[in-house]
Amino acid sequence: QTVRLMPKAFRQRRPDPAHPGAWLWNLEGVEPLLYRLPQVMAAIQRGETIYVVEGEKDVEALQALGLTATCNAMGAGKWRPSYSEALRGASVVVLPDNDPPGHQHARDICTALTGIAARCKMVPLHTGTLHSDVSDWLHAGGTRTALEAHVEEAPLETIPIAQEQDATPPTATTDASVGVKMPP
């Protein structure tokens, strides 16, 4: 389990096999999986687009729209090769949080999916607020129809990953649609 603490912080725990009902606050011997992995695998088999976001709240917001979404455990910068393998052959759209770590995480995911996913496209959605995410975008009036149109209209272009290391997120006066085209 991931437990959200207040003020905002997250800690992971696992059941204590020696004490039923108790928890150990570590992940020793645990292999993290993509969130909602069974639904993701079924959607890949159906040929549906898989949306990758930074956190469970965003996954749930997209699921409420009838879309298949996932995220990796522990947020930005924690993508594992096993997550890429779980998305083998999938059409993936990464919706980054509007901040430098979110954009770097999205680029890292698309890079990791090179030669594994059928397609990986990074599509920022912004409300004009730093640290905003897809849940904020939806709260500001975004809809499934608008999201799908934005994804469809976003250009597929190759981004030289090494040159983007210090890039800042797009602002309201720049093009907020950046795609990453990966080889099949």
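Some values worked out for this structure:
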| quantity | calculated |
| --- | --- |
| Boolean, residue 80 is touching a residue at least 24 places away in the same chain (Cβ under 8 Å), in contact with a helix residue (DSSP H, G or I) (Cβ under 8 Å, 6 or more places away or on another chain) and of a type in the set (Lys, Arg) | no |
| Qualifying residue in the range 134-146 (condition: more than 19 Å from residue 55 (Cα to Cα), without any contact (Cβ under 8 Å) to a residue 40 or more places away in the chain, outside any helix (DSSP H, G or I) and within 17 Å of the chain's Cα centre (by Cα)) | no |
| Test set (1) without any contact (Cβ under 8 Å) to a residue 12 or more places away in the chain; (2) under 16 Å from the mean Cα position of the chain (by Cα) - residue 45 fails condition number | (2) |
| Tabulated pairs, the range 1-22, first touching a residue at least 24 places away in the same chain (Cβ under 8 Å) and under 22 Å from residue 36 (Cα atoms), second of a type outside the set (A, V, I, L, M) and open to solvent by 80 Å² or more (accessible area, probe 1.4 Å), C-beta under 6 angstrom, 6+ apart or interchain | 2/10; 10/4 |
| Residues that are open to solvent by 60 Å² or more (accessible area, probe 1.4 Å) and within 18 Å of the chain's Cα centre (by Cα), drawn from the range 117-133 | 119, 130, 131 |
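The values are calculated or read from the model by the stated rules, or taken from the named source; none is laboratory data. The structure presented is a predicted model; accordingly, all values stated were derived computationally and were not measured. Counting neighbours? That spans all protein chains shown, and the Cβs are built from the backbone with ideal geometry, glycine included. Side chains included, ligands, DNA and RNA excluded: accessible areas come from the protein's heavy atoms. Shrake-Rupley method; radii C 1.70, N 1.55, O 1.52, S 1.80 Å.
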